[in-house]
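*Asks:* The structure that follows is given in the form of C-alpha cells.
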Amino acid sequence: MFFRIIIVSLFFLFSLRFLSPNEAIAKTVKQQERLFYKALTAYREGNYDEAEKYLLKSLRIDSFYIDANLLLYDISDELGKENQKIKALKLVIKADSVNYPNCYRFLADSYYKAKDFHTALKNYEIFHKLKPRTDSTMIARSIGSCRFIINSLENPLNVKVNAFNAAINTTSDEYWPLVSSDEGLLYFTRLIKNDGFPQENLFISECASGEWLYPSQMLFLDDETNVGTVSISADGQWLFFTACNKPGGMGSCDLFFSRRENGKWMPFKNIGASVNSVYWEAQPSISADKQFLYFASNRQGGQGKMDLWRSKIKLDDDGFPVFSKPENLGTKINTPENDFSPFIHADGQTLYFASDGRIGMGGNDLFITRFNGSEWESPVNFGYPVNSFSDDFGLTVSPTAQTAVFSSDREGSNNSKDLYNFQLPEEFQPLPAGYVKGFVFDEVSGQPLEATIEIGLLDQEAKQQVISTASEGYLVTLTVDRLYAFNINKKGYLFYSHHFNLKTKTELARARQFDIYLTPIEVGQTVVLNNLFFDFDSFQLREESFAELDQLVLFLEQNPKIEIEISGHTDNVGNEEYNLLLSENRAKVVAEYLTKFVAKNRITFKGYGAAQPSGENQSEEGRALNRRCEMTILEYK
C-alpha cells in the first residue's frame, strides 16, 4: 500500500512540471474537489466504503482539506473506525482550531469511547473553555465522568465481582434478580427467544451447599405475557411483578399483585389506577414493613424520562393493600435522563438504583442513597469494579447484606446480560438486618395456628401485619438499633406481647427461630405485658408503652365479657413498703388508661411488690423479669 502511494505521488508531481505554478495549484484544487464531491454523492447514497475511498484519495493530495476530513469523520463513525475518526479530527484542529471548536468535543467523545480518559478530559476542557455555553450541563457531566473514572480506576474498590454459574447465566439475557429474605432462593427474569420472538419469564433457583441450582420457570398468567421484575415481601406473603402488553392493562407495562394463602399464590390482579397509568410502570420493590411500594415510571410529573416513585400502602378490611397516589422521589434522586431499578433494603432507609443521568463509569451505573428521616441524601456511585463501562442495573441486597446481586452486560459476559454478585463494601452497606421466623402454636394442644402478628416500632408509629400460617409459619426482617413489639390478638386466646430490643445490637444472626405460644382464655390465666415501660423508680408510663396498651384495649373490646386484674410487680431492691406502693401505682396507671375505653367494672388493679417474683433476684437479668405488669383473667363468660 505504501509503495502504491509513492508511485501515484511521483506521477502526480511529474504531470505538474508542464504547468505554471498557478495552473498546477488550480488543477490540484479541482481534482480534490471532484474527489470530495464524488465522496459526498456516495455518502448520500449510503455507499460508505466508496465514499471513504474517494476521501482518502483527496486527502493524499492535501491532508489538511477540512471538508474532506469532516466527512471522513462522519463516514468513519458509520464504519466504526475509531482511529480514523480521531486522525481526521486532529487534522481539522491542526488546520483551523478557531473556526471548528466542536472538533474538540467530537475528539473528546472518541477518546472517551476508546477509554483514553485522560486525553478525553483534556479535550472536553478545551471545548468547554472555547464554548462555555454550548451544552454546558452535558459537557460538565462528561468532564465529571472522566475525572470520576480516572479516580475510580486508580483507586478501585476492594471487592471481587463474580459471575453466577452456568446454571444461572446463559447466552440469553438474565436480569432483575431478587434474593429471598433467608437467602435461599434467587428469582430473576430471563429473556427467551422462541422463533425470533423475545419472551420475558420469571425463574427461581435454590441454593444448596453454596451453589445455585438449575432454575425452574415460575408459571402463571399466560405464555404470551411478558413477565418480569418480581418483588416479594419480606414475610413471603405478597408478590408484585411487571407484566407488559396484557389485554385490559392500563399502559404498555403495569404492576400486578398476588397474596399467598394456604401455601399458594392467589389469582393475580392489576393493582389499579392509583398506581398504574396509561404510561409505563415497572420494576416494583416492596419495603420490608409493607409500608411503601417503590417503582419506576415514565409518567407525567417526573423529572425526566424514567423516574423513581413510591406509593404509601394501607390495608383494607380483608388485608389487601390499598395504594395512595404515587409521589416522585424528587430531584435529589431523579435526573432528566433515566433513573430506574429501585430496590429498598429491609432496613427501610437504604435505596439502591440505576441511572444513566449522573456522573459515572458509562452506560447505566449503580447508586446508593439513604433516607435520613426527613429527606433522601445525595446518591453515591459505587465506582469500579462494581460499575463498568457497560450497563449495570437491578441491584438487590439480602437483609443481612451477605448477598448483593445485579445484572450487567460487561466484558466477560455471555454476549448478553448476566447476573453477578459481590460482597458489599462497608460504605455501601445498609443497616444490619436479619430475620426472625417461626410458628404460632396453641400452648395446650401444641397445634400450629393461623394468626396475625402486629409488629411495631415502640419508639415510632410504624406498624406492619404479618400472617403466620399453620402450614408455613411466619418470617419477618428486623433491623438493628430499633425496639420492636410483637403483639397478637386472636379470638379465644389471651393477648400476647413480646419485644425485641435491638438498640444495643450491632449485628443480627443470619436467622433466629422464634415460636409463639398462645394460651386459650380461661379464668385464672395470666399474661405478662412485656411491652410496658416505666422510667427508673417511677410509675410514669413511657411513650413506647401506648402501642401495647392499645392492643390490650382491642383485646378487651373483642372479648366484652372478660373481667381482668392488672397487677404490678417489682424486684427486691429497696424496702418492702416502697416496692408495694410503686407496684400498685404502676398497675393503677395502666388500669386508668384502659378505663378510658372500657367499663371500669371490668378492670381491677393491685400491687404485689416483690412478693411474687418471676425470676431470681440475684442477677440483673432475674430482677428485670421481676419488674413487670401482668393481666389475669378474673371472669370469662
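Please treat every number below as a calculation from the coordinates, not as lab data. Predicted model only: the values in this text are computed from it and were never measured. Quick reminder, even Gly has a Cβ in these numbers, built from the backbone with ideal geometry, and neighbours come from all protein chains shown.
*Asks:* Could you sort the peptides 559-568, 593-602 by per-residue average Cβ neighbour count (10 Å cutoff), highest mean leading?
*Replies:* On the way: 559-568: 19.7, 593-602: 14.0.
Listed from highest to lowest mean packing, they are 559-568, 593-602.
*Asks:* Shifting gears a bit: Packing-wise, with mean Cβ within 10 Å as the measure, how do 581-590, 111-120 rank, highest first?
*Replies:* Ranked from most to least packed, the peptides come out as 581-590, 111-120.
*Asks:* Continuing with the same structure: Among 536-546, 444-454, how do they line up from the highest to the lowest mean number of other beta-carbon atoms within 10 Å?
*Replies:* Per-residue Cβ counts within 10 Å, averaged per peptide and sorted highest first, yield 444-454, 536-546.
*Asks:* Quick check on the range 77-213: take the gyration tensor over C-alpha atoms, sort the square-rooted eigenvalues as a ≥ b ≥ c, and tell me if it's rounded (a/c under 1.5), prolate or oblate. Show your work: numbers first, answer last.
*Replies:* On the way: a/c = 3.25, a/b = 2.26, b/c = 1.44.
The shape class here is prolate.
*Asks:* Can you give the direction-averaged projected area of the convex hull of the alpha-carbon atoms in the range 278-433, in nm²?
*Replies:* Averaged projected area of the range 278-433's Cα convex hull equals 10.1 nm².
*Asks:* Using a ≥ b ≥ c from the Cα gyration tensor of the range 433-636 (square roots of the eigenvalues), is it rounded, prolate or oblate, where a/c under 1.5 gives rounded and otherwise the larger of a/b and b/c decides, a/b for prolate?
*Replies:* It comes out oblate by the Cα gyration axes.
*Asks:* Quote the Stokes-Einstein diffusion coefficient, in whole µm² s⁻¹, for the range 36-116, based on the Kirkwood radius over alpha carbon pairs, a temperature of 37 °C and a viscosity of 0.692 mPa s.
*Replies:* Reported coefficient: 262 µm²/s.
*Asks:* Using +1 at the Cβ of each Lys and Arg and -1 at the Cβ of each Asp and Glu in the chain, identify which of Pro520, Phe295, Thr137 lies farthest towards the dipole's positive end.
*Replies:* Comparing the listed Cα positions along the dipole, Thr137 ranks first.
*Asks:* Sticking with this one: Round to the nearest 0.05 the FRET efficiency obtained for Cys244 and Glu183 when R0 = 30 Å and r is the Cβ-Cβ distance.
*Replies:* The value I calculate is 0.55.
*Asks:* Now a separate question. Need the full-extension length gain, Arg147 to Phe514, defined as separation in residues times 0.36 nm minus the C-alpha distance. One decimal, nm.
*Replies:* 127.0 nm
*Asks:* Here's a follow-up. Can you give the Kirkwood hydrodynamic radius of the range 171-428 from its Cα pairs, in Å with one decimal?
*Replies:* 18.5 Å is the Kirkwood radius here.
*Asks:* Further, regarding this structure: Before rounding to the nearest 500, sum -39500 (n - 2.57) across all DSSP H runs of length at least 4 in the chain and divide by the residue total; then give [θ] at 222 nm in deg cm²/dmol.
*Replies:* The helix contribution divided over the chain gives -8500 deg cm²/dmol.
*Asks:* Against the longest alpha carbon principal axis of the chain, how many degrees, from 0 to 90 and to the nearest 10, is the axis of helix 546-558 turned?
*Replies:* Tilt of helix 546-558: around 60 degrees.
*Asks:* Which whole-angstrom value gives the distance between the alpha carbon centres of the range 369-418 and the range 96-120?
*Replies:* Going from one Cα centre to the other spans 30 Å.
*Asks:* Here's something else I'd like to know. Nearest 10 degrees is fine. How inclined is helix 576-594 to the longest principal axis of the chain, computing both from alpha carbons?
*Replies:* Rounded to the nearest ten degrees, it is 60.
*Asks:* In degrees from 0 to 90, rounded to the nearest 10, what is the angle of the helix 102-113 Cα long axis to the longest principal axis of the chain?
*Replies:* 60
*Asks:* In addition: Identify, among Val380, Ser274, Pro425, the residue whose Cα sits farthest towards the positive end of the charge dipole of the range 171-428, taking +1 on the Cβ of Lys and Arg and -1 on the Cβ of Asp and Glu, with the dipole about the Cα centre.
*Replies:* Positive-end residue among those listed: Ser274.
*Asks:* Just round it to a whole percent: the fraction of Cα-Cα distances in the chain exceeding 42 Å.
*Replies:* Summing the P(r) tail past 42 Å for the chain gives 45 percent.
*Asks:* I would also like to ask the following. About the Cα centre of the range 433-636, how large is the charge dipole given +1 on each Lys and Arg Cβ and -1 on each Asp and Glu Cβ? Please answer in debye to the nearest 20.
*Replies:* On the way: 20 positive and 30 negative charges, 69 e Å.
Once rounded to the nearest 20, the dipole reads 340 debye.
*Asks:* If you check each cysteine of the chain for another cysteine whose beta-carbon is under 4.7 Å away, which ones come up empty?
*Replies:* When partners are defined as cysteine Cβ atoms under 4.7 Å apart, the chain leaves Cys103, Cys146, Cys207, Cys629 without one.
*Asks:* Something else now. Apply the Karplus curve 6.51 cos²θ - 1.76 cosθ + 1.60, θ = phi - 60°, to the phi angles in the range 137-146 and return the couplings in whole Hz, x for Gly and Pro.
*Replies:* 5, 5, 5, 4, 5, 5, 4, x, 5, 4
*Asks:* For the range 524-637, max minus min Cα coordinate along each principal axis, in Å, sorted largest first?
*Replies:* Here the Cα extents, ordered largest to smallest, are 40, 29, 23 Å.
*Asks:* Hey, got the dipole for the chain? About the Cα centre, +1 on K and R Cβ, -1 on D and E Cβ, debye to the nearest 20?
*Replies:* On the way: 65 positive and 83 negative charges, 610 e Å.
Once rounded to the nearest 20, the dipole reads 2920 debye.
*Asks:* Remind me, what semi-axes does the range 439-501 give for its equivalent ellipsoid, largest first in whole Å, using sqrt of 5 times each Cα gyration tensor eigenvalue?
*Replies:* With the √(5λ) rule applied to the range 439-501, the semi-axes are 22, 12, 10 Å.
*Asks:* Further question: Within 10 Å of each candidate Cβ there may be at most 15 other Cβ atoms; applying that plus a DSSP loop requirement, which trypsin sites (Lys or Arg not before Pro) in the range 116-196 survive?
*Replies:* For trypsin sites (Lys or Arg not before Pro) across the range 116-196 that sit outside H, G, I, E and B with at most 15 neighbouring Cβ atoms in 10 Å, the list reads Arg133, Lys160.
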